[in-house]
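Reviewing the structure listed below.
Nothing in this text is a laboratory measurement; each read-out follows from the coordinates by a stated rule. What you are looking at is a predicted structure, and each value in this text was computed from that prediction instead of being measured. Cβ placement follows ideal geometry from the backbone for every residue including glycine, while neighbour counts extend to all protein chains displayed.
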Amino acid sequence: TPDLQTIIETVEQICNLEAGELNAGGRDFRSGEARSLAAWAVLEMSNETLTDLGKKVGRDVSTLSSAVNRLLRRVKLDASLAEKLAGLKRALSEIETLQA
């Protein structure tokens, strides 16, 4: 399964963020959406924990968990967000295949 750093780098690439922008302070929409995607990936596609991600991006577990719940609701209504999520899943699956 992808490790935490791989997830973060993949999310930054898909969301067109600079390296380290994922853990930027504040509530910038792009960074928040990217953190939601990263939290989803941690829960669904890795053996990492939200606690580990939270330490890396400077957010607590409950914030990340809530972000995933909001993400899953928004994906049903927002086609571009659904495509980002699908792209993340494809990219991480390809990485998994290459690592196997």
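Sort the chain into rounded, prolate or oblate with this rule: let a ≥ b ≥ c be the square roots of the eigenvalues of the Cα gyration tensor; rounded if a/c is under 1.5, and if a/c is not under 1.5, prolate when a/b is larger than b/c, oblate otherwise. Spell out each step's value before the answer.
Details: a/c = 1.39, a/b = 1.13, b/c = 1.23.
Rounded.
Divide by every residue of the chain the summed helix terms, -39500 (n - 2.57) for each DSSP H run of at least 4, and state the resulting mean residue ellipticity at 222 nm, rounded to the nearest 500 deg cm²/dmol. List each step's numbers first, then the result.
Details: 5 runs with 72 residues, N = 100.
It comes out at -23500 deg cm²/dmol, rounded to the nearest 500.
Near Lys76, which lysines are there with a Cα under 24 Å away, not counting those fewer than 8 places off in the same chain?
Lys76 reaches Lys84, Lys89.
Provide, for q = 0.24, 0.25, 0.31 Å⁻¹, the log10 of I(q)/I(0) from a solvent-free Debye sum over equal Cα point scatterers in the stretch 40-98.
Taken in order of the listed q values, log10 I(q)/I(0) reads -1.05, -1.08, -1.16.
Would you be so kind as to identify all helices of the chain, as entire DSSP H runs, whose Cα atoms reach 24 Å or more along the helix's own axis and whose mean Kyte-Doolittle hydropathy is at least 0.5? Each step should come with its number before you reach the end.
Details: long enough: 79-99 (30 Å, 0.08).
Span-like helices here: none at all.
Between Gln5 and Arg70, what is the label-to-label distance in nm when each label sits 7 Å out along the Cα-to-Cβ direction?
Distance between label points: 3.0 nm.
What dipole magnitude, in Debye to the nearest 20, does the stretch 47-97 give about its Cα centre under +1 on Lys/Arg Cβ and -1 on Asp/Glu Cβ?
On the way: 10 positive and 7 negative charges, 53 e Å.
Dipole size: approximately 260 debye.
Between Asn47, Val11, Ser62, whose Cα lies farthest towards the positive end of the dipole of the chain when Lys and Arg beta carbons carry +1 and Asp and Glu beta carbons carry -1, centred on the Cα centre?
Looking along the dipole axis, the top candidate is Ser62.
Rounded to the nearest 20 Debye, what is the dipole magnitude of the chain about its Cα centre when Lys and Arg each give +1 and Asp and Glu each give -1 at the C-beta?
Computed charge dipole of the chain: roughly 460 debye.
Using 7 Å Cα-to-Cβ label points, what is the Ala79/Thr51 separation (nm, one decimal)?
A separation of 4.2 nm, rounded to one decimal place.
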